Amino acid sequence: MALARISRSWKQSSGTYAINRSITNKDVPIYYKAETVDMILCLQSLTKVDHMRFESRGTYAIQGYRFVHAERVPKDYSDSNGEKLRYGNLEATKPGDKPRVVVLGCGWAACRFLKGIDTTMYNVVCISPRNHMVFTPLLASTCVGTLEFRSVAEPVGRVQSALAKDPNSCFYLASCTAIDTDKHEVYCETVSDKELSYEPYRFKVAYDKLVIASGSEPLTFGIKGVKEHAYFLREVSHAQEIRKKLLLNLMLSETPGISEEEKEQMLHCVVIGGGPTGVEFSGELSDFIVRDVCQRYAHVKNYVCVTLIEANEILSSFDVGLRQYATKHLTKYGVRLVRGVVKEVHPKKLILCDGSVVPYGLLVWSTGVGPSEFIKQLNLPKSPGGRIGVDEWLRVPSVEDVFALGDCAGFLEHTGKPVLPALAQVAERQGKYLVELFNKKIGKQNAGKASSAKDVVLGDPFVYKHLGSMASVGRYKALVDLTQSQNAKGLSMAGFVSWLIWRSAYLTRVLSWRNRFYVMINWATTLVFGRDNSRIG
């Protein structure tokens, strides 16, 4: 087929075969006479063209031959410093087109919004540096092998099928770098592998409505050495790194010649932060040590220990009785609770403010979250704490057609509402409220297009009611606190029944039946056969 195509193009040519080589947008034609070049040389010249490579030097193409892979030539734009930037375009929607809603992020808030948005009314574009939602309440279980990693990751294409099927809706694996609210455009940069040499591709997307739900970042309080030496627990990749490090230390500690002091240091797991994430991870670790390490790493079982360091009390948002129960339970199963503040972190030890030195082999940092660098640099109003400021309807004041929700957003002071905690249930409720606003208010009043929602009646503002908190503490025990505040009355319980409630509640919150099935199978497999201790990667 290839020879026949080349032969036809050869016969149809007017005696001259041209190869255009575009170098830095300048075409330099190189001509070959058909009468002086035989077929073999022609085929050799064709093989020299690498039509799968599109680099910054330019695009190689053969005139008269159509390639499957083509590169859209981007226009030039200038940044604030006057430097030329190359951007591809997703132009503004035209009259008659469905309004385009651009969503930044794919966390709890974004995915709840994406799941409910009416795609017969809107075209949806999701931009995020990851292509899945992480079910964070069960993330700690993946670090020790209770659950597989795919059980807590929900692909965005399954959350909203239009992103995979509708030609006018799409998902871009990229990070947003800037927003121009006057032009209704977001500027993005594709995610690139650090091992690859090419630079990330930059592009811009025009929007009619923009929903910012880009999440938050772990708080380090500027403590020296945290980012370099500690592990966080926010993403699936974080859990994978923690698992690799934990199993590596367990296996290396059995190497002949390792001193007692080195074993104690390597097998000392330190968790910073006594919130729900830190407590649940400590509980999973203690359960892993009691049930699995003592059987499969018998030579070093007496050296493995877990230390939980918290500046105040653990689980400070829970009922006093539940905090006391958690303290007793964790202490009973080998978790050492230390009250202190970290001063600085070194590769194999950390120093507390009172001068105490704590050696460690694995350090997990879980002290809360704050606004990301992207949120900080946006020229938008800010709420207390540095989040994007929103009004009662989750709109960003002073700019049109921009909404913010989840961990990156907080109520402005003039609303009289407190900044809500960075919890999954807060983000999910905000996503549910905003999607109803889009489907039932903005869309029904034909206000989806850019700059057309000034006079829209939005109805009741967003009101958050706390449904309660739950946390697992390991060994088939959990805490359930259904009080709406610390001073209010409500149901609070702890123990095995609470553990059943905890598992049942989270199982129903998993987005898809596919992942629910995965979670149930993983739990059953772990109960019967124990956790898998293979170190892969």
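The values are calculated or read from the model by the stated rules, or taken from the named source; none is laboratory data. As the structure is a computational prediction, the values presented were derived from the model and not from experiment. FYI the Cβ positions are ideal-geometry reconstructions off the backbone, even for glycines, and counts take in every protein chain you see. What goes into the accessible areas is simple: the full protein's heavy atoms, side chains included, and nothing from ligands, DNA or RNA. Shrake-Rupley method; radii C 1.70, N 1.55, O 1.52, S 1.80 Å.
The table that follows gives values for the structure above.
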{"item": "Val205 assigned by the TED database to the domain that holds Asp292, on the phi < 0 side of the Ramachandran plot and open to solvent by less than 60 Å² (accessible area, probe 1.4 Å)", "result": "no"}
{"item": "Scan of segment 396-419 for residues that are more than 24 Å from the chain's Cα centre (by Cα) and assigned to a helix (DSSP H, G or I), ordered by number", "result": "Glu413, His414, Thr415"}
{"item": "From the options Lys454, Lys489, residue that is at pLDDT below 95, charged (D, E, K, R) and not assigned by the TED database to the domain that holds Val306", "result": "Lys454"}
{"item": "Residue in segment 286-298 that is surrounded by fewer than 22 Cβ atoms within 10 Å (Cβ to Cβ), assigned by the TED database to the domain that holds Asp354 and within 20 Å of Ala424 (Cβ to Cβ) present", "result": "no"}
{"item": "Val419 outside the structural domain of Ile212 (by the TED database), of a type in the set (A, V, I, L, M), open to solvent by 30 Å² or more (accessible area, probe 1.4 Å) and modelled with pLDDT under 95", "result": "no"}
{"item": "Within segment 309-341, considering residues that are touching a helix residue (DSSP H, G or I) at 6+ places or on another chain (Cβ under 8 Å) and of a type in the set (A, V, I, L, M, F, W, C), the one modelled with the lowest pLDDT", "result": "Phe318"}
{"item": "Residues of segment 331-382 classified as more than 19 Å from the chain's Cα centre (by Cα), of a type in the set (A, V, I, L, M, F, W, C) and outside any strand (DSSP E or B), total", "result": "4"}
{"item": "Filter result for the condition that a residue is open to solvent by less than 10 Å² (accessible area, probe 1.4 Å), in the same structural domain as Lys328 (by the TED database) and modelled with pLDDT of 95 or more, over Leu479, Leu437", "result": "Leu479"}
{"item": "Residues (among the basic types (Lys, Arg), free of Cβ contacts under 8 Å to residues at least 40 places away in the same chain and within 24 Å of Arg509 (Cα to Cα)) located in segment 430-446", "result": "none"}
{"item": "Subset tally (residues that are assigned to a helix (DSSP H, G or I), within 31 Å of the chain's Cα centre (by Cα) and under 20 Å from Leu350 (Cβ atoms)) for segment 248-268", "result": "3"}
{"item": "Segment 424-434 - residue that is buried (at least 19 other Cβ atoms within 10 Å of the Cβ) and either farther than 13 Å from Ala110 by Cβ or among the basic types (Lys, Arg) (or both) and, of those, nearest to the chain's Cα centre (by Cα)", "result": "Val426"}
{"item": "Identity of the residue in segment 517-537, touching a helix residue (DSSP H, G or I) at 6+ places or on another chain (Cβ under 6 Å) and of a type in the set (D, E, K, R), that ends up most open to solvent (accessible area, probe 1.4 Å)", "result": "Arg535"}
{"item": "Unmet criterion (only one of (1) among the basic types (Lys, Arg); (2) closer than 30 Å to Ala206 by Cβ; (3) free of Cβ contacts under 8 Å to residues at least 40 places away in the same chain) for Lys449", "result": "(3)"}
